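FYI, it's all coordinate maths here, none of it is from the lab. Please read these numbers as outputs of a predicted model, since none were measured by experiment.
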Amino acid sequence: MLKKTKKLISTKRLDGKKKTLAFPRQLEEDLRQYCRERKIESESELIRQAIAKYLDAEYDDNTLKLSGLKEVQEKLSQLLSMISVLFSYQHMMHKSLLAYHHEIDDELKNAAISSASQRLDKFFISFRDSIKNDPPFFEKLLHEYVTGSLNE
């Protein structure tokens, strides 16, 4: 009677249903021994690990390189879109400035250019200082440098 119980247990899964694949006795013993040696709790866990190992083997270096290239392509595409938006914005701003500010007389142009250069220098210094004083920006830049994500 005890043998029948063992046989019933070995032919059923944990959820009580019958196994769809019957293993020969030697294979069942080998599986149990393998599980004991590697401290695997059940056949289900063994099968899960085997499937995970099989799937991981599918991803060789070429697959990883291809996925890396695809990621670089997506980032480049995003950067191109951002540059396009910035260019459109700058073009629109320039057009707006030309529309709302009339041309000055020739005798004032040199003084205007000199004044504009000085104001531009002040503006750039102010802009540079504002970036210097932006800790999140520099923390992000430092993080990307340290992790190597700038080189991707």
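Annotations for the structure displayed:
- Of Lys39/Lys70; Lys70/Lys140; Lys39/Lys65; Lys75/Lys132, pairs whose Cα-Cα distance is over 29 Å: Lys39/Lys70; Lys39/Lys65
- Largest to smallest principal axis extent of the C-alpha atoms in the stretch 103-152, angstrom: 56, 23, 13
- Amide H contacts under 5 Å for Ile40, placed H, 5+ residues apart: none
- Length gained on full extension, Met92 to Thr63, computed as 0.36 nm times the residue gap minus the Cα-Cα distance: 6.1 nm.
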